[in-house]
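Notes follow once the structure below has been shown.
What follows is calculated from the coordinates using simple rules that are stated; it is not laboratory data. These numbers come from a predicted model, not from an experiment. All Cβ positions, glycine included, derive from the backbone under ideal geometry; neighbour counts span all protein chains shown.
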Amino acid sequence: MKRNWFWGIICILGAILIFGNLFGFLPFTFSLWKIIGTLICLSVIIDGIKERSFYSPLFGIAIIFYLFREDLGFEEISLWLLLLATWLLAWGLTSIIHPKKRHIEIEDIEYSTNSIINITSSFGEKVQYIQTNDLQYVTIDSKFSGLKLYFDQATIQNQATIEVDGNFTGIELYVPKEWSVQSRVRAFFGGVDEKGQPSSSGYPTLNITGRVHFGGIEIHYI
C-alpha cells in the first residue's frame, strides 16, 4: 500500500493540537476553527516548501500568527496590513533569490479554438500557456499570487480583451511584439509596466481592462 506521508503528518499534528487542547498541554487557547485553520495552513506551508515557493509558506505562517494573535499579545493587528507585508516579503524574496522549482507545472493549457478563457490564481505561483486560434476574451482573477501568462502561441483575429481583477498580485503577460496593447487598468498602489518594444502597426489589438489593488502588471513583448 502506498504511504501518504503528507496527510499522515497533517492528521498527527491535528491529533496533537486536539489532545493538547483537551488536557491543557499547550499554552494557547484552541477552538475548532483555530484547529481547522491551523491544519489547513500547515498543509499549505508543507506543500509550498515542497514546491520551493515563498508565497504559500509565508502566507500560511502569517495566517497562523493572526489566528493566535491574542495569545501572542497582538490583539490589534490588522489582517490586511499583515497580508500586504507578507505578500511584499514573498514577492521581494522571489525576485531576489529566484528559487528553483523541482519541476515546472503547466496548468490549463488551451489547445482548442475556444475564444473565451477564465483564469484563477490564489496563494501561490502559476504559469499558464494560452494556445488558441481565435483569442477574444480572457478573465483573470488573481489574489495573493504570482501569475505568468504566455500568449506567444495565441492568435487574435481583430481584437481581444483581458479583464483583470487582481489583489495583492503580480501578473506578467508575455505577448507577441506584433500586437498592439492598449491598457486601461485602474491601479491602486500598483501600476502597469511594459518591457521591450512592440513592432505593431495597430492590429491586432489586445485591450487590457479591470483593476489591480496592491500589485502590478508587466507586459513583455516577445
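Computing FRET efficiency as 1/(1 + (r/R0)^6) for Asp71 and Ile96, where r is the C-beta to C-beta distance and R0 is 25 Å, gives about 0.15. In plain terms, the chain from Asn133 to Arg186 could stretch by 16.2 nm, reckoned as 0.36 nm per residue minus the Cα-Cα distance. Over segment 123-205, the fraction of Cα-Cα pairs per 10 Å bin, rounded to whole percents and listed from the shortest bin up, is 16, 51, 30, 3.
Near Thr120, the amide H atoms lying under 5 Å from its own belong to Asp141; only residues 5 or more places off or on other chains count, and H is placed 1.01 Å from N.
The modelled label-to-label distance between Gln159 and Ser31, using points 7 Å beyond Cα along the C-beta direction, is 5.1 nm.
Working note: Cα atoms of segment 36-95, range along each principal axis, descending, whole Å: 32, 25, 14.
Treating each Cα of segment 131-176 as an identical point scatterer and summing with the Debye formula, the log10 of I(q)/I(0) at q = 0.13, 0.30 Å⁻¹ comes to -0.31, -1.13. Compute the Cα gyration tensor for segment 160-222, then decide on rounded, prolate or oblate, letting a ≥ b ≥ c be the square roots of its eigenvalues: rounded whenever a/c is under 1.5, prolate when a/b is larger than b/c in the other cases, and oblate in all that remain. It comes out prolate by the Cα gyration axes.
Among 206-214, 168-176, the peptide with the highest mean count of other Cβ atoms within 10 Å heads the list, and the full ranking is 168-176, 206-214.
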